[in-house]
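The structure appears right after this line, and notes come after that.
Every number here is computed from the coordinates shown, using simple stated rules; none is lab data. Keep in mind that this is a model prediction, so the values were computed, not measured. Please note: Cβ atoms are built from the backbone with ideal geometry, for glycine as well, and neighbour counts cover all protein chains shown.
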Amino acid sequence: MYPCVICSVFFYSAMNTRAIVMAVAISAISAGVAMGWVMYGSNTPVQPAVIAEEKKTPLYNEVLNPRQIEYPAILGFNDLHIEAIRHVNPLMNGDYFANHLNINVHHHCKVYDDNTAACLLYPTGMGDQDKPYGIEYVITSEQYQTLPDDEKTYWHYHKTEFPRAKAIFPDMQKEELGKVQPVLDETYGKVFYFWQYPDEFPIGEPQVLVIQQLPEQ
């Protein structure tokens, strides 16, 4: 390898000083890349990318979302991905829009150490320019029992509402969901919207959407 560095310099020796410097730099870079195939704890060369992968700490929950690679724009809210209908208010400015009940709302959730979760709500899709319109906060059944009775009316029981919302978990295979679903069933959610779909901007006050009080389709 090092003779190649010397060859490069001799090859460009007839050129001006700037060209020689550039040639040496290119040769040095090539040498550095080749040396990246370092001996990493064994007699087998290992690429730098493999070393970085071994040292990387996951930034998402590998059990709840085992194949999380598709949503880098919402890093931190990748522990769990749920899609569900019946999460958009059909009433808008006094008018009733039944089709709002069939809008598929993407939930991208961050699960915390206290067993609560916060889910960003995307009713317009998951493209690069789609914005979160609200948040669903999730607590366990035990935490729900500690709430005042009048507060409990704002929370929906997921074991009941998952079927009504036709909730799916697109990042999980059937056997993976089989382990997680019983836990999720015994949780409660409260939905807040920053603005009303499909307004261009947040107009007026935010609202709590009581999911269990939405009319049937």
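Packing-wise, with mean Cβ within 10 Å as the measure, how do 184-193, 124-133 rank, highest first?
Ranking the peptides 184-193, 124-133 by packing returns 184-193, 124-133.
How much net charge surrounds Thr116 when only other residues with a Cβ under 13 Å from its Cβ are counted (Lys, Arg +1; Asp, Glu -1)?
Local net charge: -3.
Using amide H atoms built in the peptide plane, which far-off residues or other-chain residues are under 5 Å from Phe97 H to H?
Placed amide hydrogens put Leu91, Met92 under 5 Å from Phe97.
Is region 72-213 best put as rounded, prolate or oblate by its Cα gyration tensor, with a ≥ b ≥ c the root eigenvalues, rounded for a/c under 1.5, and otherwise prolate when a/b is larger than b/c, oblate when not?
Oblate is the answer for region 72-213, as a/c is 1.5 or above yet b/c matches or exceeds a/b.
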